[in-house]
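For reference, the structure discussed in these notes is given below.
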Amino acid sequence: MKEGDVVLTTFRQVDGKTKNRPAIVLRVMRPFGDLLICGISRQLRHRVPDFDEIIASTDSDFASSGLADTSLIRLGFLALLPAAEFLGDIGSVSPERHSRLLRRLASYLQELCL
């Protein structure tokens, strides 16, 4: 798996239950190759304006993403997991979208330090 891939993994939910969900690999972390991912949801109503991103069926990279429906890329739904915990990859997003997500997350994290 590589950065920009859309993967399927098990996420722990707030109620303690687990659910298989798609996620985007944001970064492969040093030194062990764990993957920093952000969850993807079809619950568009949870969108945080100017932070989360919608990937719609009309987007140029939607078909390559492997997603079935318009979905919400949730930058606030992060996890760091070892590669062994992934069920597989289903597609990928464009390099432009991946870079945009990283820039948005980095900008948010940097704001906290100012």
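The values are calculated or read from the model by the stated rules, or taken from the named source; none is laboratory data. On a predicted model such as this, the values are computed, not experimentally measured, just so you know. Every residue, glycine among them, receives a Cβ derived from its backbone with ideal geometry; neighbour counts consider all protein chains shown.
Data for the structure
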{"quantity": "Residue within the range 49-60 that is closer than 20 Å to Met1 by Cα, in contact (Cβ under 8 Å) with a residue 24 or more places away in the chain and touching a strand residue (DSSP E or B) at 6+ places or on another chain (Cβ under 9 Å) present", "calculated": "no"}
{"quantity": "Check on Arg100, farther than 16 Å from Thr9 by Cα, basic (Lys, Arg), at pLDDT 95 or above and surrounded by fewer than 15 Cβ atoms within 10 Å (Cβ to Cβ)", "calculated": "yes"}
{"quantity": "Condition met for Leu67 (more than 19 Å from Ser107 (Cβ to Cβ), in contact with a strand residue (DSSP E or B) (Cβ under 8 Å, 6 or more places away or on another chain), in a loop (DSSP other than H, G, I, E, B) and touching a residue at least 60 places away in the same chain (Cβ under 8 Å))", "calculated": "yes"}
{"quantity": "Some residue of the range 11-18 being loosely packed, with under 11 Cβ neighbours inside 10 Å, within 26 Å of Leu109 (Cβ to Cβ) and β-branched (Val, Ile, Thr)", "calculated": "yes"}
{"quantity": "Residues satisfying the stated conditions in the range 1-50, i.e. among the hydrophobic types (A, V, I, L, M, F, W, C) and assigned to a loop (DSSP other than H, G, I, E, B)", "calculated": "Met1, Val14, Met29, Phe32, Val48"}
{"quantity": "Those residues of the range 58-114 which are aromatic (Phe, Trp, Tyr) and touching a helix residue (DSSP H, G or I) at 6+ places or on another chain (Cβ under 7 Å), in sequence order", "calculated": "none"}
{"quantity": "Test: residue in the range 66-79 that is of a type in the set (S, T, N, Q) and surrounded by 14 or more Cβ atoms within 10 Å (Cβ to Cβ)", "calculated": "yes"}
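Yes or no, residue by residue, for (1) more than 21 Å from Ile90 (Cα to Cα); (2) modelled with pLDDT under 95; (3) of a type in the set (A, V, I, L, M); (4) under 11 Å from the mean Cα position of the chain (by Cα):
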residue: Gly4; (1), (2), (3), (4): no, no, no, yes
residue: Val7; (1), (2), (3), (4): no, no, yes, yes
residue: Phe11; (1), (2), (3), (4): no, yes, no, no
residue: Val14; (1), (2), (3), (4): yes, yes, yes, no
residue: Ile24; (1), (2), (3), (4): no, no, yes, yes
residue: Phe32; (1), (2), (3), (4): yes, yes, no, no
residue: Cys38; (1), (2), (3), (4): no, no, no, yes
residue: Arg45; (1), (2), (3), (4): yes, no, no, no
residue: Ala56; (1), (2), (3), (4): no, no, yes, no
